[in-house]
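Chemist: My questions all concern the structure below.
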Amino acid sequence: MSYFDEATETLPREQLAALQLGKLQAMMTELWGRNGFYTAKWKAAGVSPADIKSLDDLGKLPFTKKSELMDDQAAHGPFGSNLTYPVEAYVRMHQTSGTTGVPLKVMDTDESWDWWGRCWGHVLAGAGVTSSDRLFMAFAFGPFIGFWAAVEGARKIGAVMIPGGGRDSQQRLELMRETGTTVLCCTPTYALRLAEVAHSCRSRFRGPRCMPANPAPTSPPQRRASRAYGPRSVSTMPAPPKSAPIPSNAMSNPAAPT
């Protein structure tokens, strides 16, 4: 089994819980009084960072709904009050997909972007991706966060990242063949589209693993992608707003599209 950060991934449960608590307390302390959205929300719930002394105290924290973040961003545009630092401290802006409403704009500092990369480092390592792999990103690279963070994750594990933006499906398949792609990163529906194009062109890829990101790993598109690419296809859990994805299941050797 491969690890991205073996020291933390193999911690005994008690030490892991202590690490999680320390990170939670540090984050809340950093946000308190700086981040308008969460400071107001916690105050309304009658809770402060000092009240979180163990993981059992998580129940004191109020849930946050995506609709709250959307309403806040609409009222305090363009980025909302869910910012901990002045806008000048941020170096990147991305958006959520907008599948269930107006896309949320998400700002990142150098530090938080590094966190995104580490999250995807865990995702890729958990899927068996190593520094010897060549990852093809079949992604448009617009403002949607999508596989932007996967690019950073590929850099973290030392794998070769091959951008696939600005190309149609046949051109992407040809570039994958030319570069010896071993891992394909895309959505399940687009993985199926590539399989269809490869089949129609009699171009059958047996090397790349398919790594689609999808809200439901057992959804019909995901199951069809698994059949098309074989037992080495992998799905990742979706990223909730302001968060990063985690690996959900891994399977093993792609078959030709059928």
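Residue by residue, here is whether (1) over 26 Å from PRO103 (Cα atoms); (2) touching a residue at least 60 places away in the same chain (Cβ under 8 Å) holds:
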residue	(1), (2)
TYR3	yes, yes
LEU24	yes, no
MET27	no, no
TYR38	no, no
GLY77	no, no
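Here's the yes/no breakdown for (1) in the same structural domain as CYS186 (by TED's automatic domain parsing); (2) more than 23 Å from THR39 (Cα to Cα); (3) not in a loop (DSSP other than H, G, I, E, B):
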site	(1), (2), (3)
ASP72	no, no, yes
MET93	no, no, yes
VAL102	no, yes, no
TRP120	yes, yes, yes
GLY128	yes, yes, no
PHE139	yes, yes, no
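Chemist: Let me ask another. In the stretch 142-172, how many are in a loop (DSSP other than H, G, I, E, B), among the hydrophobic types (A, V, I, L, M, F, W, C) and closer than 21 Å to MET107 by Cα?
Modeler: Here the count works out to 2.
Chemist: Can we say PHE63 is closer than 20 Å to LEU104 by Cβ and either among the basic types (Lys, Arg) or out of contact with any Gly (no Cβ under 8 Å at 6 or more places or on another chain) (or both)? Even if it seems obvious, please write down each step before you answer.
Modeler: Working: closer than 20 Å to LEU104 by Cβ: yes; either among the basic types (Lys, Arg) or out of contact with any Gly (no Cβ under 8 Å at 6 or more places or on another chain) (or both): yes.
So PHE63 passes the test.
Chemist: Could you say whether any residue in the stretch 47-68 is in contact with a helix residue (DSSP H, G or I) (Cβ under 9 Å, 6 or more places away or on another chain), of a type in the set (Gly, Ala, Ser) and not assigned by TED's automatic domain parsing to the domain that holds ALA17?
Modeler: Within the stretch 47-68, none of the residues are in contact with a helix residue (DSSP H, G or I) (Cβ under 9 Å, 6 or more places away or on another chain), of a type in the set (Gly, Ala, Ser) and not assigned by TED's automatic domain parsing to the domain that holds ALA17.
Chemist: Another question, then. Tell me, which residue of the stretch 18-64 that is part of a helix (DSSP H, G or I) and of a type in the set (Val, Ile, Thr) is surrounded by the fewest Cβ atoms within 10 Å (Cβ to Cβ)?
Modeler: As a first pass, look at the stretch 18-64 and keep what is part of a helix (DSSP H, G or I): 18-31, 36-44, 49-51, 55-60.
Filter again for of a type in the set (Val, Ile, Thr), leaving 29, 39.
Working: THR29: 14, THR39: 17.
Only one residue tops the list, namely THR29.
The values are calculated or read from the model by the stated rules, or taken from the named source; none is laboratory data. This one's a predicted model, so the numbers in the text were calculated from it and none came from an experiment. Positions of Cβ are backbone-derived with ideal geometry, glycine not excepted, and every protein chain shown enters the neighbour counts.
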